[in-house]
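One structure below.
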Amino acid sequence: MAWGNSAGGQSEREEKVSLELNEEILQSMEVGMAFRDYSGRISSMDFHKQSNYLVTASDDESIRLYDVATATCLKTINSKKYGVELVCFTSHPTTVIYSSKNGWDESLRLLSLHDNKYLRYFKGHHDRVVSLSLCLWNECFISGSLDRTVLLWDQRAEKCQGLIRVQGRPATAYDDQGLVFAVAFGGYIRMFDARKYERGPFEIFATGGDMSDANVVKFSNDGRLMLLTTMDGHIHVLDSFRGTLLSTYNVKPVSRESTLEASFSPEGMFVVSGSGDGSVYAWSVRSGKEVASWLSTESDPPVIKWAPGNLMFVTGSSELSFWIPDLSKLPAYVGRK
């Protein structure tokens with residue numbers, strides 16, 4: 001990172017990136033950079049997998065594009081007419097899909113951030129979209145709505161390619177290979193073959209009797225693990241092949257208007273999560289124990305994403321914060337050049 005609080009020059013920054021994440025490094029992490037120019041809460045954000053870009057969506061009706069390497073905001077686009085709630089990158093680093101937040105038009109939009117042009121509208125939902133997940137390997141994506149449907153889309157077509165009815169608020173996610181997607185609701189995670197989804201789920205995993213509303217479901221980068229967060233403040237980690245519930249972490253519950261988000265670290269060793277009291281927590285997947293926490297003066301859970309392949313995670317609340325290790329707190333690294 002060119003903008004942390006380390007003063008050791010280029011060699012130390014290169015070493016910093018090559019460090020392997022462990023509990024000590026995770027405990028040292030603090031805000032290295034913050035953007036406080038939002039006039040509403042950040043509701044969603046996404047890292048592009050092959051570039052240094054980060055995109056955010058906020059209640060102030062803005063979509064903002066950042067270059068993470070230089071910690072600069074490259075562009076702000078306002079969506080005053082439709083509002084914006086969820087945002088995801090497509091494979092292209094300056095094209096996103098986002099959901100609206102105006103209560104009268106639930107279409108999803110394919111937007112070019114480069115020239116602020118709508119490339120396509122995706123119409124089909126009749127209530128707020130609460131989950132959005134894109135496949136990395138083709139032009140497909142899935143969306144889940146409070147209208148109790150999960151719709152399957154191709155970015156090249158305005159009409160949905162498939163529909164799955166659910167009995168509750170759905171959380172959706174593709175695995176990194178794009179072969180499987182998960183749909184969580186009502187205390188279970190249903191696993192679908194992306195090519196034969198119409199046959200129904202090929203596996204159904206239980207989440208320990210937690211029947212509260214699903215918020216977010218995600219796969220680890222290697223696809224071996226998955227996590228599910230729920231409104232009651234539970235973060236469940238499962239083996240994504242066997243469906244075994246490996247551990248459950250507990251934080252403060254969240255309100256119906258908020259979303260509890262958690263994120264795996266790049267190698268899947270740790271989970272970081274927001275909480276209903278605004279705090280951030282980290283746990284070891286291997287031991288199941290809490291390894292770090294950062295208290296907050298906020299009262300709503302931050303959205304949270306770990307940067308791909310980086311010793312950095314980002315939180316979004318009333319401000320956007322980049323969290324990086326403070327090597328001066330680590331005896332093993334002090335004085336190293």
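The values are calculated or read from the model by the stated rules, or taken from the named source; none is laboratory data. Fair warning: this is a prediction, and the values are worked out from it, not measured in the lab. Cβ atoms come from the backbone with ideal geometry, glycine included; neighbour counts cover every protein chain shown. Only protein heavy atoms, including side chains, enter the accessible area calculation; ligands, DNA and RNA are left aside. Shrake-Rupley method; radii C 1.70, N 1.55, O 1.52, S 1.80 Å.
Given axes a ≥ b ≥ c from the Cα gyration tensor, I'd like to know whether the stretch 35-105 is rounded (a/c under 1.5), prolate (a/b larger than b/c) or oblate.
oblate
Take the solvent-accessible surface of the protein heavy atoms, probe 1.4 Å, and return the percent of it on the chain that carbon and sulfur atoms account for.
48
Amide H to amide H under 5 Å from residue 86: which residues, 5+ apart in sequence or cross-chain, H placed 1.01 Å off N in plane?
Answer set, sorted by chain and number: 99.
Restricting to Cα pairs below 8 Å that are 6+ residues apart, what does the relative contact order work out to for the chain? Please round to a whole percent. Intermediate results must be reported in sequence, preceding the final value.
Numbers: 889 pairs, mean separation 47.7, N = 337.
With pairs under 8 Å counted, the relative contact order is 14 percent.
Compactness ratio of the chain: Cα Rg over 2.2 N^0.38 Å, N = residue count?
Numbers: Rg = 19.2 Å, N = 337, 2.2 N^0.38 = 20.1 Å.
Ratio of Cα Rg to 2.2 N^0.38 Å: 0.95.
Using the Cα atoms of the stretch 17-58 to build a convex hull, what is its mean projected area in square nanometres?
4.4
With every protein chain in place, what's the accessible area of residue 322 (1.4 Å probe, Å², nearest 10)?
Here the residue's solvent-accessible area equals roughly 0 Å².
Which of the aspartates and glutamates could a cross-linker span from residue 252 if the Cα-Cα distance has to be under 18 Å and same-chain partners fewer than 8 positions apart are dropped?
210, 213, 232, 261, 277, 290, 298, 300
So what's the angle, to the nearest 10 degrees on a 0 to 90 scale, between helix 9-18 and the longest Cα principal axis of the chain?
For 9-18 against the chain, the angle is about 50 degrees.
Heavy-atom accessible area per residue, the chain, 1.4 Å probe: how many Å²?
Averaged over the residues of the chain, the accessible area is 43 Å².
Could you give the C-alpha radius of gyration of the stretch 127-212 expressed as a fraction of 2.2 N^0.38 Å, taking N as the number of residues it contains? Could the numbers behind the result be given before it?
Details: Rg = 12.3 Å, N = 86, 2.2 N^0.38 = 12.0 Å.
Computed over Cα atoms of the stretch 127-212, the ratio equals 1.03.
Relative contact order of the stretch 172-317: what whole-number percent is it, with Cα pairs under 8 angstrom and at least 6 residues apart?
14
Going by average Cβ density within 10 Å per residue, which order do the peptides 288-296, 245-253 take, highest to lowest?
Most protected by this proxy first, the peptides run 245-253, 288-296.
How would 48, 92 rank on accessible area, largest to smallest, probe 1.4 Å?
From most accessible down to least: 92, 48.
How long are the semi-axes of the equivalent ellipsoid of the stretch 211-337, taking √(5λ) for every eigenvalue λ of the Cα gyration tensor, in whole Å from largest down?
Semi-axes (√(5λ), whole Å): 24, 19, 12.
Would you mind classifying the stretch 183-223 by shape? Square roots of the alpha carbon gyration tensor eigenvalues, ordered a ≥ b ≥ c; an a/c under 1.5 is rounded, otherwise it is prolate if a/b is larger than b/c and oblate if not.
Working: a/c = 2.18, a/b = 1.36, b/c = 1.60.
Note, shape of the stretch 183-223 comes out oblate.
Ignoring solvent entirely, what values of log10 I(q)/I(0) come out of the Debye formula for the stretch 7-153 at 0.12, 0.16, 0.19 Å⁻¹ when each Cα is a single scatterer?
Rounded to two decimals, the profile gives -0.57, -0.90, -1.14.
Take every Cα pair under 8 Å in the stretch 103-156 that's 6+ residues apart, average their separations, divide by the length, and report that relative contact order as a whole percent.
26
Considering only Cα-Cα distances, which of the following residue pairs are longer than 18 Å: 159/218; 80/305; 218/305?
Checking Cα-Cα distances, 159/218; 80/305 exceed 18 Å.
Name the shape class, rounded, prolate or oblate, that the alpha-carbon gyration tensor gives for the stretch 58-140, where a ≥ b ≥ c are the square roots of its eigenvalues, rounded holds for a/c under 1.5, and otherwise prolate holds if a/b is larger than b/c and oblate otherwise.
Judged from the Cα gyration tensor, the stretch 58-140 comes out oblate (a/c at least 1.5, b/c at or above a/b).
Using label points projected 7 Å from each Cα along Cα→Cβ, tell me how many nm separate residue 290 and residue 138, to one decimal.
A separation of 4.3 nm, rounded to one decimal place.
Translational diffusion coefficient, Stokes-Einstein: compute it for the stretch 81-188 using the Kirkwood radius over C-alpha pairs as Rh, at 20 °C and 1.002 mPa s, and state it as an integer in µm² s⁻¹.
D, rounded to a whole number, is 154 µm²/s.
With a 10 Å radius around each residue's Cβ, average the other Cβ atoms per peptide and rank 131-142, 146-157, highest first.
Averaged packing, sorted descending, gives the order 131-142, 146-157.
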